[in-house]
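What follows is one structure encoded as structure tokens, with my remarks underneath.
Readers should treat all values here as calculations from the given coordinates under stated rules, not as data from a laboratory. This is a predicted model, so every value here is computed, not measured. Every residue, glycine as well, gets a Cβ built from its backbone with ideal geometry; the counts of neighbours run over all protein chains shown.
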Amino acid sequence: MSENERVWIARDYLRCSGCRRCEIVCSLSHEGKIWPEASRIRVFMLLPGVEIPHLCVQCHDYPCVEACPTKALSINKQTEAVIVDKETCIACGKCIDACPGKIPYIHPTDNYVVICDLCNGKPKCVEACAAGRWNALEIIKKSETHTFKLYAKTPEIITRDVASQIYGKKWRESV
């Protein structure tokens, strides 16, 4: 895929090993150091053996952008990724509340929200995952017909769904 092409990061939760290379490369790229707490992708392990890479799904209606009272969030016209203006963001959290997956979060030390910007159409997290041959993350062309919001869920909900696939329906009924 070329730079500035409309892409989306597909995820296969059953393939995630929990290596967290995606968090490392993201924080290196955006923060200049290994700092998973400031990564735009975060891996949650709420249940042993179930690793959930959690990142912006680039909803077609962008509820986070609409909710921002200072217009600190915008949409990159080329990639359709959410862009954060760090200087304008007041870290009010309205974008977090508006997000169906509660994906944005406040930067660990600075006063702005952190959201995946798709690395200008060439997501580093996907490259790191592919290099490790896990392929839990994959770049696909963004389609107008695909409902990306179906993936916009909290890590808790995704973990339950994945655990049911791994451990079976009886596991889910016992929770």
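For the chain, relative contact order (Cα pairs under 8 Å, six or more residues apart, normalised by length) works out to 30 percent. Relative to the Cα centre, the charge distribution of segment 1-121, modelled as +1 at Lys and Arg Cβ and -1 at Asp and Glu Cβ, gives a dipole magnitude of about 220 debye.
Each of LEU47, LEU137 was scored by other Cβ atoms within 10 Å of its Cβ. Arranged with the fewest first, they read LEU47, LEU137. Here the Debye sum runs over all C-alpha atoms of segment 10-73 as equal scatterers in vacuum, and log10 of I(q)/I(0) at q = 0.13, 0.14, 0.23 Å⁻¹ comes out as -0.46, -0.53, -0.98. Rg and Dmax of segment 56-175, both derived from C-alpha coordinates alone, stand at 16.2, 49 Å. The order of TRP134, TRP35, going from fewest to most other C-beta atoms within 10 Å of their C-beta, is TRP35, TRP134.
Using the Cβ-Cβ distance between ASN111 and LEU14 with R0 set to 30 Å, the FRET efficiency works out to roughly 0.20. For the pair LYS169 and LYS33, label points projected 7 Å from Cα toward Cβ lie 5.1 nm apart.
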